[in-house]
Amino acid sequence: MNIRLLSAEALTPAQWAAWAEIQRTEPALDSPYFRPEFTQAVAAVRGPVDVGVLENDGQPVGFFPFHRGKGNVGRPVGGVMSDFHGVIARSGTTCDPRQLLRGCNLLAWHFNHLPVSQSRFREHCWSSAPSPYIDLSRGWEGYQGEQHTIHPRTFKKAMGKLRRAESEAGPLRVELHTTSDSVFQSLVRWKADQYHRTGVTDVLAFGWTLWLLDRIRKTSGDGFSGMLSSLYMGDVLVAVLLSMRSYGVLHAWFSAYRRDFAVLSPGLVLWLELARLCPALGIQRIDLGKGPELYKQHLMSGAIDVAEGSVDLRPIRGMLRQRWHQAYDWLRHSPVRGPLRSPGRIVRSMVEARTMAQ
């Protein structure tokens, strides 16, 4: 196995085509995040992205994109904007993670949304969590029947909210994909307000992140495209969702709704309408992304487990980082989590802001 280190700008059309073909033919890599277009978009708005090209007999069999930070520490492309990351490689490709780092001139690579199916990294994973999805492979009727079985009470309640919204706010109208600038600006404005109210880091306040969303929403192609969906109650825009699509997989990325319509659950109504309408577009799965939000638990059909961890060629630093993660995880689930919630949120916001600004 040979590893060739290149900048994203230096990859040839043949290498990009090989990357796209690997993603298209490997089921475990069907997320839009593994498409070359996502890496190209991030490189265009944020700056340099390096790629380790895995070769056998001179032919590319895998790609490892990453951002190079201070001290030759690598991070996933897009940082916290990425819900899936890892090595894009053909099945059966063997490459030891430490060998991969040495070939890419890295001392460490930190990850937090690595599919556990990438077993080559197993010994470097510290914890894992589910990333829920909606299974539409049997269409709306199949999904609806499944939900009535596994979540009978919550799904019945959700459908009741949909009917209430339609009866109280006028006819519902969904645009599966709109190019409207004003709809996009509503999403950005509502999302910024949500971040401010909840004390969460505003990831759209760093310039390049907003440019990335704008670039991807305007991207259209067979293997990768943006999809800006909107919900109207009567004539009023009440919810917006920006997603990314790769063939039959839609990944929900950023969503927000109009707060003065909150009593009618516009966000939930939009999700249900998307589940009903998306199968007609050939979409068989909607990825919701890792997170504790209740709507994900109520709508999910299943989940893809993703791991957090680090490959580190510096044993002491790697051990200290793992111990810090274990301590933080313990505190987050301990009886003292209440008093520590605010300080912990501040520290987390500072770390995220520093990472996003790099």
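The values are calculated or read from the model by the stated rules, or taken from the named source; none is laboratory data. Model, not experiment: these values are computed from the prediction. Positions of Cβ are backbone-derived with ideal geometry, glycine not excepted, and every protein chain shown enters the neighbour counts.
Mind checking which residues of the range 24-35 are closer than 13 Å to Arg90 by Cα and crowded, with 23+ Cβ neighbours inside 10 Å? Matches in the range 24-35: Leu29, Phe34.
The criterion of at least 1 residues that are of a type in the set (Ser, Thr, Tyr) and over 20 Å from Val311 (Cα atoms) is met, among helices (runs of 4 or more DSSP H) falling completely within the range 1-106, by 13-25, 36-46. Pairs only if they're at least six apart or on different chains, beta carbon under 7 angstrom, first in the range 139-154 and on the phi < 0 side of the Ramachandran plot, second part of a helix (DSSP H, G or I); list them, first residue then second. Every condition considered, the pairs that remain are Trp140/Ala275; Trp140/Arg276; Trp140/Pro279; Tyr143/Ala275; Gln147/Phe155; His148/Phe155; His151/His298; Thr154/His298. Within the range 211-240, residues that are farther than 25 Å from Glu26 by Cβ reach partners that are part of a loop (DSSP other than H, G, I, E, B) and modelled with pLDDT under 95 with beta carbons closer than 9 Å, at six or more positions or on different chains, in the pairs Tyr232/Gly170; Tyr232/Pro171; Met233/Gly170; Met233/Pro171; Gly234/Gly170; Gly234/Pro171; Asp235/Gly170; Val236/Gly170. The residue list Trp126, Trp109 contains one member that is out of contact with any His (no Cβ under 7 Å at 6 or more places or on another chain) and aromatic (Phe, Trp, Tyr), which is Trp109.
Restricting attention to the range 196-214, does a residue exist that is under 29 Å from Arg164 (Cβ atoms), part of a helix (DSSP H, G or I) and charged (D, E, K, R)? Checked against the condition, which is being under 29 Å from Arg164 (Cβ atoms), part of a helix (DSSP H, G or I) and charged (D, E, K, R), the range 196-214 yields at least one hit. Residue count for the range 97-122, restricted to those that are polar (S, T, N, Q), in contact with a helix residue (DSSP H, G or I) (Cβ under 9 Å, 6 or more places away or on another chain) and over 17 Å from Leu29 (Cα atoms): 1. If you go through the range 244-273 one residue at a time, how many are under 20 Å from Gln147 (Cβ atoms), part of a strand (DSSP E or B) and polar (S, T, N, Q)? Number satisfying all stated conditions: 1. When the residues of the range 111-122 are filtered to those that are in contact (Cβ under 8 Å) with a residue 40 or more places away in the chain and either surrounded by fewer than 18 Cβ atoms within 10 Å (Cβ to Cβ) or hydrophobic (A, V, I, L, M, F, W, C) (or both), which remaining residue is nearest to Thr94 (Cα to Cα)? Checking each candidate, the answer is Phe121. For the range 260-295, the candidate set comprises residues that are of a type in the set (D, E, K, R) and modelled with pLDDT of 95 or more; within that set, the residue that is nearest to Asp193 (Cα to Cα) is Lys290. Annotation for the range 160-169: at least one member residue is in contact (Cβ under 8 Å) with a residue 24 or more places away in the chain, touching a Pro at 6+ places or on another chain (Cβ under 8 Å) and not assigned by TED's automatic domain parsing to the domain that holds Glu37.
Checked against the criterion of being closer than 15 Å to Arg285 by Cα, surrounded by fewer than 14 Cβ atoms within 10 Å (Cβ to Cβ) and out of contact with any helix residue (DSSP H, G or I) (no Cβ under 6 Å at 6 or more places or on another chain), the range 123-137 contains one or more residues that satisfy it. In the range 10-25, the residues that are without any contact (Cβ under 8 Å) to a residue 24 or more places away in the chain never reach a residue that is not basic (Lys, Arg) and not in a helix (DSSP H, G or I) with C-beta atoms less than 7 angstrom apart, at least six apart or across chains.
Residues of the range 234-244 that are out of contact with any Pro (no Cβ under 6 Å at 6 or more places or on another chain) and modelled with pLDDT of 95 or more: Val236, Leu237, Val240, Leu241, Leu242, Ser243.
Test Val53 against the criterion of being within 22 Å of the chain's Cα centre (by Cα), modelled with pLDDT of 95 or more and of a type in the set (Val, Ile, Thr), and give yes or no. Here the answer is no, as Val53 does not meet what is asked. As a summary of the residue check, Gly74 satisfies the conditions (1) out of contact with any Pro (no Cβ under 8 Å at 6 or more places or on another chain); (2) surrounded by fewer than 22 Cβ atoms within 10 Å (Cβ to Cβ); (3) modelled with pLDDT of 95 or more except for the one numbered (2).
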